[in-house]
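The next block holds one structure in the form of structure tokens; read it before the comments.
The values are calculated or read from the model by the stated rules, or taken from the named source; none is laboratory data. None of these values were measured; they are calculated from a predicted model. Here the Cβ positions follow ideal geometry from the backbone for every residue, glycine too, while neighbour counts run over all protein chains shown.
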């Protein structure tokens, strides 16, 4: 571990480096590598009847890790060089842990301990700080119960984080040279910014979104053409009716609004039928397939608004044609 600390010190002296820290987990890239978390207990917290102890993610970090990654401290202090083997066992918890287990989130100086058999005999550790929640396993963030240990006490690392002022990739050769100079067999691989790691993780989702968006665009185009075609056929078949309406006092505006309202009615019926059918199908599919989630109210309303707007626009051309019907020619037509 002293070797890693010396590496961090030398790398921190490189021009363009603002901060260096060790850790045991690369956000998003290492998702799932440590399982779903471990059970723990906390001073003053008693689970409800039949409820298991809460479980949290275990992370091991260096002093300065939160500053290097831009994670704000909300209470207490960061780890220091004094938090080492032989000193008091300490941890930092995420805000989600503080708010769930302690009244008013007052977690500082409370004690927690892992109850999972993996850790052997429970060992109390004092909470010295609280940091903002960081969901480092899911790109779409959610509440994350996380407990951070200092590297010097748990002595597990393997991931080096460098906060660069300029181009991060320009520092890779210098960082590699320092590491190889101190430990020739130490592997240095997959150097990447967190932004690029996030983009790599999102690549399959973006491809899926692109494909789905393409099909959605085609479906929208078909619906617009269908609505316009139905209304255009209806207008041509009702030319005499429109002529009579104009002759008895209807204005072109009245005819325009009438045809547009008919188009809106058609699309409203289609939206209701599609929403009911879609939710019914999703409910059936979710009982057979995992990770099938029903869309929320906001996406559904947004899709309905887009389709309704497109249908109204598609109605304008046949509606404008109906409002310009020549009365004499319409009355002479069969």
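For the reader, a short list of remarks on this structure follows.
- Residue within the stretch 186-206 that is surrounded by 11 or more Cβ atoms within 10 Å (Cβ to Cβ), under 30 Å from residue 318 (Cβ atoms) and either assigned by TED's automatic domain parsing to the domain that holds residue 319 or in contact with a strand residue (DSSP E or B) (Cβ under 8 Å, 6 or more places away or on another chain) (or both) present: no
- For the stretch 33-51, the candidate set comprises residues that are modelled with pLDDT of 80 or more and within 15 Å of residue 116 (Cβ to Cβ); within that set, the residue that is surrounded by the most Cβ atoms within 10 Å (Cβ to Cβ) is 40.
- Flag if residue 108 is surrounded by 14 or more Cβ atoms within 10 Å (Cβ to Cβ), assigned to a loop (DSSP other than H, G, I, E, B) and either within 29 Å of the chain's Cα centre (by Cα) or touching a residue at least 12 places away in the same chain (Cβ under 8 Å) (or both): yes
- Every residue from the stretch 213-233 that is closer than 16 Å to residue 315 by Cα and either surrounded by 15 or more Cβ atoms within 10 Å (Cβ to Cβ) or within 35 Å of the chain's Cα centre (by Cα) (or both): 220, 221, 222, 223, 224, 225, 226, 227, 228, 230, 231, 232
- Within the stretch 29-50, tally of residues that are in contact with a helix residue (DSSP H, G or I) (Cβ under 6 Å, 6 or more places away or on another chain) and either part of a loop (DSSP other than H, G, I, E, B) or under 30 Å from residue 170 (Cβ atoms) (or both): 2
- Number of positions in the stretch 282-298 that are under 19 Å from residue 220 (Cβ atoms) and modelled with pLDDT of 75 or more: 1
- Residue in the stretch 267-280 that is nearest to residue 305 (Cα to Cα), counting only those that are out of contact with any helix residue (DSSP H, G or I) (no Cβ under 6 Å at 6 or more places or on another chain) and in contact (Cβ under 8 Å) with a residue 40 or more places away in the chain: 268
- No other residue among 20, 71, 26 is surrounded by 15 or more Cβ atoms within 10 Å (Cβ to Cβ), assigned by TED's automatic domain parsing to the domain that holds residue 141, touching a helix residue (DSSP H, G or I) at 6+ places or on another chain (Cβ under 9 Å) and not in a loop (DSSP other than H, G, I, E, B) apart from 20.
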